[in-house]
Structure formats: structure tokens, C-alpha cells
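The values are calculated or read from the model by the stated rules, or taken from the named source; none is laboratory data. Bear in mind the structure is a predicted one, so any value in this text is a computation, not a measurement. Cβ: placed from backbone, ideal geometry, glycine included. Neighbour counts: every protein chain shown.
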Amino acid sequence: MITAKQMTALLMLLVCVSGIGQKCKNSSKGIRRANKHFTAQKIVKATKPRPLFSKFSQAASANFVKSSENYYLSLVLVRELGRRIDILKDNPLVIQFENGSIETFYPDRTLLGKFTLPVTTEINRPFYNVGHEQLELFTQYPVAHIKVYFSSEKVGEDKYGTDDLGTFFDYEIRNENLRSSLMEPAKCIGQ
């Protein structure tokens, strides 16, 4: 029979071994894209984008980037058949983790939505500031729910809500693989 002390030692060994097998490769494309966005600081590390949600005509992927002092969550939000939305500096991203904790992130600056080809496809690429404690939550818990706040004079859809923080798109992430898709990149960016 294994004692509690032996079980603790075994679990610690498993945690160490599982960290060795992680594939923590930098994304050179992610670094280039982030360095185009950030002019006052140099991005030194970026993870590869991971799918986050896909709901009706909207989808998003996300990755983490790191400068010498700060962490950021880069969100690529794609909308089909929509009107342009802007993500202003005071439009938060609210994430609820599987453990019930809720964190609020703010973009580093205002970003206007852009249309791509075909003209009915809109894309937004904000970078949200992430603190060290918030990054730890991403490493420990899957993402369960996301609210992306935005500004727009006209939104031609019924698929948005409003509250005290403003107008938002609301995404419950039901797919287990998508829920945990940011856990490994968060561990990698923190190393």
C-alpha cells in the first residue's frame, strides 16, 4: 500500500515529467504580427493560435504573447455577414473559468474593425493585457464562458447583449477541447 507521503512524491514526479513533454515552440509569425502591433515594446515570445470558439457566423482563436515585461492575450475575432465593430480601449473581455472565477481584461489600445475579402468578413485583432495571476488561471483552469465587449453604431444581429459594461457578444464554450485549448499555451508563455 502506498503512503500519503509516497503518493505526494509520485504526483510531484508526474507533474515534473508531464512538463518535460510540452511542445513549447515560439511562433515566429505571431512574434512578427505582435511586433507590428506594438511599437513601444518588443515582443520576445508568442505561442501558436488555438481555436477558442465557433458559433453561428462567428469564430475566434487566441494566443499569448510576451514582451520583456508584460503578457498579452491576442484574440482574433472573425465575423461573417456582419457590420463593422470596433474594440475600444475601455471595451473589456470577460472570461469565466471552469472553476467559476471571472477575470476582466482590457485591450492595450483602441482597434477599429477591418473587412477582408470577401467584403462580408470582418476581423478584429485586439491584444488584451494579462497579469501574472491571471496567466496562472489560464494554466490551471479551462475557459467556460467569454464576453467580448465592443462598440458599434449598428449591429445587424440579435446575437448580442448589453449590461453595465456595454454591448457584448456572449460565448459559452461547450466543447471540452476548445475549453482547455489555452492551458498549454499559457504554461508555455510563462516559462
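Summary of computed values
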quantity	calculated
Total residues in the range 137-169, condition hydroxyl-bearing (S, T, Y), at pLDDT 90 or above and in a strand (DSSP E or B)	1
Tally of residues being assigned to a strand (DSSP E or B) and either of a type in the set (K, R) or within 17 Å of the chain's Cα centre (by Cα) (or both) across the range 104-136	11
Close pairs from the range 103-116: first farther than 30 Å from Q140 by Cβ, partner hydrophobic (A, V, I, L, M, F, W, C) and outside any strand (DSSP E or B), Cβ under 7 Å, at least 6 apart	T110/L88; G113/I85
Residue among S57, S101 that is surrounded by fewer than 16 Cβ atoms within 10 Å (Cβ to Cβ), within 16 Å of the chain's Cα centre (by Cα) and hydroxyl-bearing (S, T, Y)	S101
Breaking point among (1) farther than 17 Å from A60 by Cα; (2) free of Cβ contacts under 8 Å to residues at least 40 places away in the same chain; (3) of a type in the set (G, A, S), for G131	(2)
Qualifying residue in the range 52-65 (condition: more than 19 Å from P142 (Cβ to Cβ) and either touching a Pro at 6+ places or on another chain (Cβ under 8 Å) or at pLDDT 90 or above (or both))	yes
